[in-house]
Amino acid sequence: MYGFTEPLYSFISGRTQLVKYKNYVPEQILVTSAIATRTESHPWTVHRYCTTNQQNMATLSDVISTLKRMAPLSLAESWDNVGLLVEPDVRKSISRVFFTNDLTEDVLEEAVSVDANLIVSYHPPLFAPFKRITSDAWKNRIVSRCLGQGIAVFSPHTSWDTVENGLTDWLISCFDGTVSIIQPLNINPEFSHIVTLSASLSDNTPLNGEQIRTIVESSDFEADKHFKVVSYNDSQLQLLCNSSSLVTLNKVSKSSECNLFFYANKNESLPSCSAGSGRCCQFRNGLTINAAVEKIKRHLGVNNLMIALARGSTLESTISSAAAVAGSGASVLRGVHADLYLTGEMSHHDILDAVHNKVTVVLANHSNTERSYLNVFASRLLAEMPQLNVHVSKVDQDPLVFV
């Protein structure tokens, strides 16, 4: 994210674009190196270990070029950190590509055990800038070990979300109907810039979005007066402000005892295109909420979901539409007209807003809305580059489990 030099459009809020969008149809992958199967319990599965008998290997540049062609990085959101994140000095041919949703230390152990040369981690393991690479923090240890083992790391993240027939199309494909793009629009055009902030303590411990807000907010920089919070998570704060407030932010960053970083993009709406981070499906036939939930479970390969019923609804109530965003979808789903929202996580207050607006909310946990798509993309990469060995992590899982 810190290497971007070209302006990128910001995804801030969402409305459904009144343009028909072709339905997502998972394609059959006809390659000898992998078998794609569809079952009731897990709609699309690529065998965890996929291999070919071909001896040809690809260069890192070849594989990265293919990944970028399959999901152009220009489609990623402005705040995201996508692309080649770790490039070892020792140039190796790429024979084994390892897919994971999150690159944790346990997942890295698995990747090393299968002699992976390249890890494709959906979520970028590097986000906040490092001041040092030492063994006192787990992300630093991952970078250090990848460099030592000669393993490159690539992250596609929101480019997969937005690309046509990508992750979001796969997510909404559990429903049968007419699919349209949720087209993000500016939620507050009087603010000229969207700003993304990250911060860490002197020992390099990252701060979360709420802690960053406490640092930057003052009498000269007040919420809802000088800036408006768009979103925050465990590593960053995203807000809207005008150009004069950027001067204030710059002063705060220089005087703060913490390591405070920020970058700004023009607050511009995304032009109409065949890409976006959310999808809305108008069903061909009505479904009960219970039937919709069962479809989602089968599609994601999970046994449990969290549900907040729309005010006045029951599990047997009939719905005719759904909107879906992978991961954390509140900022895109807010205000979208649909009977059901499907995403990984939403805040308590966003859920209350939805159910009082007669929208049922279904949450699967953040990465459970993303992980099964790894199998789909792995099949596609093998179709493009059948000389590769492709592994999908068995260790990777959402950190939250139902008990």
Taking every pair of distinct Cα atoms and averaging 1/r, then inverting, what Kirkwood hydrodynamic radius in Å comes out for the range 306-403?
15.2
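Figure the gain on full extension for ASN285 and ILE133 (residue separation times 0.36 nm, minus the Cα-Cα span) and round it to one decimal in nm.
Gain in length upon complete extension: 49.2 nm.
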1.4 Å probe accessible area per residue over the range 313-395, in Å²:
34
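What ranking, highest mean first, results for peptides 301-309, 365-373 when packing means the other Cβ atoms within 10 Å averaged over each residue? Mind showing how you got there, number by number?
On the way: 301-309: 14.6, 365-373: 23.3.
Highest-to-lowest ranking by the protection proxy: 365-373, 301-309.
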Relative to the compact-globule estimate 2.2 N^0.38 Å (N residues), the Cα gyration radius of the range 280-359 stands at a ratio of 1.01
Fraction of the pair-distance distribution of the range 213-346 above 19 Å, Cα-Cα pairs, percent:
63
State the extension gain, in nm to one decimal, for the chain segment bounded by ASP106 and THR178, taking 0.36 nm per residue of separation less the distance between their alpha-carbons.
21.9 nm
Which lysines does LYS297 reach when only Cα atoms under 28 Å apart count, and residues fewer than 8 places away in its own chain are ignored?
LYS20, LYS22, LYS358, LYS394
Simple label model, 7 Å out from Cα along Cβ direction - LYS251 to LEU309, nm:
5.4
Taking every pair of alpha-carbon atoms in the range 94-180, give the share separated by more than 17 Å as a whole percent.
54
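The values are calculated or read from the model by the stated rules, or taken from the named source; none is laboratory data. Here the structure is a predicted model, which means the values were calculated and not measured. FYI the Cβ positions are ideal-geometry reconstructions off the backbone, even for glycines, and counts take in every protein chain you see. Surface accessibility is based on the protein's heavy atoms, side chains included, excluding ligands, DNA and RNA. Shrake-Rupley method; radii C 1.70, N 1.55, O 1.52, S 1.80 Å.
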